[in-house]
Amino acid sequence: MAVQSDVMEAAGPYDRARALSAFKLGDVTFYWLTRACAISVLLILGGIILSLIVGAWPAIREYGFSFLFTSRWAPSADPPVLGALGPIYGTLITSVIAMMIAIPVGIGIAIFLTEICPIWLRRPIGLAVELLAGIPSIIYGMWGFFVLGPFLANSFQPFMISIFDGVPVLGTIFAGPPSYLSLFNAALILAIMVLPFITSISVDVFKTVPPVLKEAAYGVGCTTWEVVRNVVIPYTRVGVIGGVMLALGRALGETMAVTFIIGNSFKISSSIFAPGTTISAAIASEFAESDGLHQSGLILLGLLLFVLTFFVLSAARLMLMRLEKKAGN
Amino acid sequence: MNFIKTIVAAGLVAASTSAFAADITGAGATFPFPVYSKWADAYKKETGNGLNYQSIGSGAGIKQILAKTVTFGATDAPLKAEALEKDGLVQWPMVMGAIVPVVNLEGIKSGELVLSGEVLGDIYLGKIKKWDDPAIANLNPKLKLPTDAITVVRRSDGSGTTFNFTDYLSKSNAEWKAKVGLGTAVEWPTGVGAKGNEGVAGNIGQTKNAIGYVEYAYAKQNKLTYAAMVNKAGKTVQPTVASFQAAAANADWEKAPGYYVILTDQPGETSWPITAATFILMHKSATDKAASQEAIKFFKWSFEKGGKMAEDLDYIPMPDSVVKLIEKTWTAEIKS
C-alpha cells in the first residue's frame, strides 16, 4: 500500500531533507531519462551508418570509387560488375524534374490560398492538399501504373516527341518511343507526392508575414503580384526553402510508387521518356533475391542514398543559416 | 518511487503461450504459388492443418531455408548436388509447369503469333525493335503485325522463371549466350522490369505492343495473349498440357543427383520448349523435426491427391515412378 504510506508521510512532520532528496531523485531520473531518449537517436543513427558500412564493405573493397562511375550493373556476370551510375542518375533526374514541377505549383497554391482565395474556398483546397499528403505511396504507384502511365504514353509523350523531333538537345531529351514506365512518369508522380510538403509549409510561413507590411505595400499602390514578389516571398524565403528541401529529401528516397512506374532499367538513357531506375527502386526490387557481392552492392547503394540525403539536408541547413544571418544584418 | 513501482508491476504481466499446432511454413518461388495455394486450401479442408506459403521468389526461398526461418524452401532454379551436400539439404521436384511468351497486340489472339527461341532472344537483346521486323514476319506470314516498337517486359527481381527463360534463350540463341547468359537475375540489354510473375502479367495487360514471359497459369488467369513457339524439332507447338507433358517425359530423374534437371529446349516433335520443374528444399536434420514431418505429410498428400488440381491449373504432376523415388529419398535422408 505504497500510496497510502506516502500520503501519510507527506501529511506528517515536515522533513525537509527527505522531501528535497525525493525531488532531487525525480529530477535526476527525469534528466537522465530525457537524455537517454536524445542519445538513443544518435546511437540508432550511428548504428544504421555502421551496419550500412559493414554490409557495404565487400563491395567497397571490390569496386572502390569506380562504383560511382560505372554504368554497368551485372550481378549475374562472373565476377559480378556493379556500378551505381544508373541508379544515381535516375534518382537525381527524377528528383530534379519533380522539383521543377512541384516548386512553382506548390508555391502558387500557397500564394493563392493565403493572398487571393476567397475565405469559403480556402478550407476545401487546403484540406485537399493535406489529403494528398495522406495518400499512401503504394496508391500513387498503382494510380501511376494504371491511369497516369497509359494516359501520358498515349497523349503527352507522343505530343512532346513530335514537337521536339529534330531539335538539338531537346530532341534527345524528349526522344521516343513513348513508354508507360519512364523516368518522366516517375518524376510527375513524385511531384504530386511532394506538393503538399511545399504547399503546407509555404502557407504556414506566408501567414507569419506581419499584415502591416502587406497593408503598407498595398497602401502605396502595389498589385497583389508586387506584394507577393517584393514583400511576402523575401520575408519568408527561409521557410519556403526549408519546405522545398524537405520535399527534395522525400523525393530522393521515395521507393514504392517509383518502383511501380519507373521501369527498373539500369540503362542510362538521354531521353526522359525511357525507363530507368532510382537507388531506392533498385534496392526494393533486387534485395530479396540478392546475396554475396550483389547484396553488398545494394547496401552500398543504400549508403550512397543516405549520404546523398544527408548532403541535401546539410546544404539546406547551411543555406538557411546564411539566409538568417543576412536577414539579421 | 510510486512511478518506478508501477513500471515494475506493469512489467510483470506475463505473456501466455498458445498450444495451437503451428501451420507448415514455406517460402520461395512465385512460379508454383497458384498450385501450392490450391493444394493448401484442399489440405486444410481435409486435415485441418494449414500451410503458410510466401511467394517471395526462389532466391529468397533458398535464403530462408538456409536461415531455418521456414520448414521448407521452394525454388525453380535447382541447387547443384554439391551445394545441397554442403548445407545439409534435401531437394526434390514438386511439380512441373511451363513458361509462355505473352504479348499485347491488337487483333491478335492467343496462339496466333508464332515465335522461335532465336527471334525471342533477338527481341530480348534489343536487336528486333519493331513488330513488323522481317524475322517475326517470316514466322508469321499470315498475320498483319503493327509497325510499332516492341516494349520488352522482363523481371526486375531475381527469379526462377527468369532462370529457366534465360536458360532457354542461351540454348537457342548463341548471341544471347555470349552476351547475357543465364541466371535468376541477368544483365538485361533492354526492356522494363516488373516485380514477380504477377507484375509482368500486369504490365503486359496494360501496355500495348508489349512482350513478356510468365508462368502459364498467370497468362491464363490474367487472360493474356500467349504466343506459340517453334521447338527444337522445328515444329510449331501451342502451350497445352499435352505439349508440356511431352517435354517433361524426356527428363531422366533417376540419374540426376539431387534431381538436378532442367527441362528447357527438350527434343520431341510435340515438346513445349520452355518447360520447367519447381523444387522443394528441406533440411536433412531440421531443428524442429515435428514440423518437418508435418510438411512431408503435406507433400505426400499433394503427390497422392493433388495431381488433378495441378492439371486444372495447367501444371504437370510428377509421374508416379518419380514420386516413388522421392518418397524413398525422404525416408533415407530426412531424419525424424
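The values are calculated or read from the model by the stated rules, or taken from the named source; none is laboratory data. Bear in mind that the values here come from a model prediction, so they are computed numbers and not experimental data. Here the Cβ positions follow ideal geometry from the backbone for every residue, glycine too, while neighbour counts run over all protein chains shown.
Before moving on, here are some points about what is shown:
- Within region A:158-193, restricting attention to residues that are within 14 Å of chain B (Cβ to nearest Cβ) and among the hydrophobic types (A, V, I, L, M, F, W, C), the residue that is nearest to residue A:277 (Cα to Cα) is A:183.
- Selected residue (only one of B:295, B:277 is closer than 16 Å to residue B:98 by Cβ and not in a loop (DSSP other than H, G, I, E, B)): B:277
- Residue match in region B:220-231 (condition: among the small types (Gly, Ala, Ser) and in contact with a helix residue (DSSP H, G or I) (Cβ under 6 Å, 6 or more places away or on another chain)): no
- Looking only at residues of region B:40-81 that are farther than 19 Å from residue B:195 by Cα and touching a Pro at 6+ places or on another chain (Cβ under 9 Å), we find that the one that is farthest from the other protein chains (Cβ to nearest Cβ) is B:81.
- Qualifying residues in region A:267-276 (those that are more than 8 Å from every other protein chain (Cβ to nearest Cβ) and within 22 Å of the chain's Cα centre (by Cα)) - the one farthest from residue A:83 (Cα to Cα): A:272
- Among the residues listed as B:186, B:200, the single one being of a type in the set (A, V, I, L, M), surrounded by 17 or more Cβ atoms within 10 Å (Cβ to Cβ) and in contact with a Lys or Arg (Cβ under 7 Å, 6 or more places away or on another chain): B:200
- Cβ separations smaller than 6 Å between residues 6+ apart or across chains give the following pairs from region A:66-92 residues that are facing chain B (nearest Cβ under 9 Å) to residues that are of a type in the set (Val, Ile, Thr) and assigned to a loop (DSSP other than H, G, I, E, B): A:76/B:186.
- For region A:206-239, the set of residues classified as surrounded by 16 or more Cβ atoms within 10 Å (Cβ to Cβ), touching a Gly at 6+ places or on another chain (Cβ under 9 Å) and modelled with pLDDT under 90 is empty.
- Test for residue A:106: is it closer than 26 Å to residue A:225 by Cβ, under 19 Å from the mean Cα position of the chain (by Cα) and surrounded by 20 or more Cβ atoms within 10 Å (Cβ to Cβ): yes
- Assessment of region A:286-294 against the conditions (under 23 Å from residue A:117 (Cβ atoms) and either among the β-branched types (Val, Ile, Thr) or under 25 Å from the mean Cα position of the chain (by Cα) (or both)) yields no matching residue.
- Candidates B:156, B:116, B:110, B:170 - the one that is in contact with a helix residue (DSSP H, G or I) (Cβ under 9 Å, 6 or more places away or on another chain) and surrounded by 24 or more Cβ atoms within 10 Å (Cβ to Cβ): B:156
- Residue that is within 14 Å of chain A (Cβ to nearest Cβ) and more than 15 Å from the chain's Cα centre (by Cα), where the choices are B:194, B:228: B:194
- Checked against the criterion of being touching a strand residue (DSSP E or B) at 6+ places or on another chain (Cβ under 6 Å) and either modelled with pLDDT under 90 or in a helix (DSSP H, G or I) (or both), region B:219-240 contains one or more residues that satisfy it.
- All of A:293, A:298 fail the test of being within 28 Å of residue B:63 (Cβ to Cβ) and without any contact (Cβ under 8 Å) to a residue 60 or more places away in the chain, apart from A:298.
- The residues of region B:172-191 that are more than 16 Å from residue A:277 (Cα to Cα) and either more than 7 Å from chain A (Cβ to nearest Cβ) or of a type in the set (Gly, Ala, Ser) (or both), listed by number, are B:172, B:173, B:174, B:175, B:176, B:177, B:178, B:179, B:180, B:181, B:182, B:183.
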